[in-house]
Amino acid sequence: MERVATAPAKAILFGEHAVLYGAPAIAVAVDLRAKVALNDADEWRLNGQPLDPSENPHLSSLIRWASAENRPQDIHVVSEIPIASGLGSSAALCASIGALLEGTPSSKERIARAAHSSEVEAQGGRASPVDTSTVTLGGAVVVSNDQWPGIEHCWDVDLSGPDGDRHWAIHSLSLSPQLKSIPLVIGSTGKGSSTAKMVASVAARMHESDFRASMDRLVTCAEDSIHLLLEGDPISIGEAMNRCHALLREIGVSSPEIEALIEAALPYSLGAKMTGAGGGGCILALTQDPDSCAHAIRCAGGEAFITTMGAEGVRIENFSENL
């Protein structure tokens, strides 16, 4: 019997860069989804082709995690999530596949840990659990160095890697029905960038007092956004998005392509900001006029996706225990 699971894309709403300097990262699941179907097979295949472990380290890690080496599967993937756009496409695939590989359905915590471990292995020991936690839990997720008071603490993640020991506390934050009903338009610049280079450029300027002051304001903005999300007022959240983007622009992680899409989206939005490391990638616009906002983004040269925040996390659509 075919086994099927889906998982959503993710977008970082607040906390880019500031998360490395003590701020929480706040991410939301959005309703672009990746769908994975598994069928028993004579050999491991991915979309009809033999699975090459060297080209698919994420999948190889998950297969070992599930002790499934001797249970080959034909894996078929269909995804609405743009690749390499900072929207968590690999995390969504890892969570979907991880949900199906074991003989019985796994808990979301177990799926998220397995998906994160696969990303750590594929990325040379460096990966935060933001993406994998968000696509697994769905809704809104807060990842911080310590437990955050007033919101649901789910689990902790520890990692020893090339950059030393890291600890994260994973939280689930409930979004109001009003906020979940307002569209979030994602605008893609179509330009990739190196997260490592963007992070390094920020670190190189942290000794500058004015720059550090801007970063301190970014940390505060991220912390304040948790309370705004709990209150659920879209206007206040849009204003916070605008303030956050102004600070990200101030520290030099925006780009002409990002600014063009922000300028196009703002007349139709409650707020708009870049998402992710910057230098390219995507923007987010919270809007009550998604069609006009998306049209403006496309006219400015971007690709637009009309979504909503707070999507359901990884979901098993069909499962057979007879593996």
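The values are calculated or read from the model by the stated rules, or taken from the named source; none is laboratory data. For clarity, every value in this text was computed on a predicted model and none was experimentally measured. No Cβ is skipped: glycine too gets one built from the backbone with ideal geometry, and neighbour counts run over all protein chains shown.
Miscellaneous remarks
- Just so you know, in region 101-130 the residues that are at pLDDT below 95, touching a strand residue (DSSP E or B) at 6+ places or on another chain (Cβ under 7 Å) and part of a helix (DSSP H, G or I) include one that is nearest to SER160 (Cα to Cα), and it is VAL120.
- Taking (1) closer than 25 Å to ALA285 by Cβ; (2) of a type in the set (Ser, Thr, Tyr); (3) in a helix (DSSP H, G or I); (4) touching a residue at least 12 places away in the same chain (Cβ under 8 Å) in turn, SER236 satisfies each apart from (4).
- Single condition ALA9 does not satisfy, out of (1) out of contact with any Asp or Glu (no Cβ under 6 Å at 6 or more places or on another chain); (2) without any contact (Cβ under 8 Å) to a residue 40 or more places away in the chain; (3) not in a loop (DSSP other than H, G, I, E, B): (2)
- Qualifying positions in region 1-37 - among the β-branched types (Val, Ile, Thr) and closer than 20 Å to VAL142 by Cβ: ILE12, VAL19, ILE26, VAL28, VAL30
- Which listed residue, of HIS153, HIS167, HIS171, is in contact with a Ser or Thr (Cβ under 8 Å, 6 or more places away or on another chain) and over 17 Å from GLY271 (Cβ atoms): HIS171
- Residue in region 90-97 that is among the hydroxyl-bearing types (Ser, Thr, Tyr), assigned to a helix (DSSP H, G or I) and either buried (at least 16 other Cβ atoms within 10 Å of the Cβ) or modelled with pLDDT under 95 (or both) present: yes
- Search result, residues across region 177-209 that are without any contact (Cβ under 8 Å) to a residue 24 or more places away in the chain and not in a helix (DSSP H, G or I): ALA204, HIS207, GLU208
Yes/no matrix, rows are residues, columns are (1) touching a helix residue (DSSP H, G or I) at 6+ places or on another chain (Cβ under 8 Å); (2) among the β-branched types (Val, Ile, Thr); (3) surrounded by 19 or more Cβ atoms within 10 Å (Cβ to Cβ):
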residue	(1), (2), (3)
ALA5	yes, no, yes
LYS10	yes, no, yes
GLY15	yes, no, yes
VAL19	yes, yes, yes
GLY22	yes, no, no
ALA27	yes, no, yes
VAL30	no, yes, yes
TRP44	yes, no, yes
PRO53	yes, no, no
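- Between GLY271, GLY313, the distinction of being within 26 Å of ALA92 (Cβ to Cβ) and free of Cβ contacts under 8 Å to residues at least 60 places away in the same chain belongs to GLY271 only.
- Qualifying residue in region 20-41 (condition: free of Cβ contacts under 8 Å to residues at least 40 places away in the same chain, over 24 Å from ALA200 (Cβ atoms) and either polar (S, T, N, Q) or not assigned by TED's automatic domain parsing to the domain that holds ASP156 (or both)): yes
- Of residues in region 141-176 being among the polar types (S, T, N, Q) and not in a strand (DSSP E or B), the one nearest to ASP131 (Cα to Cα): ASN145
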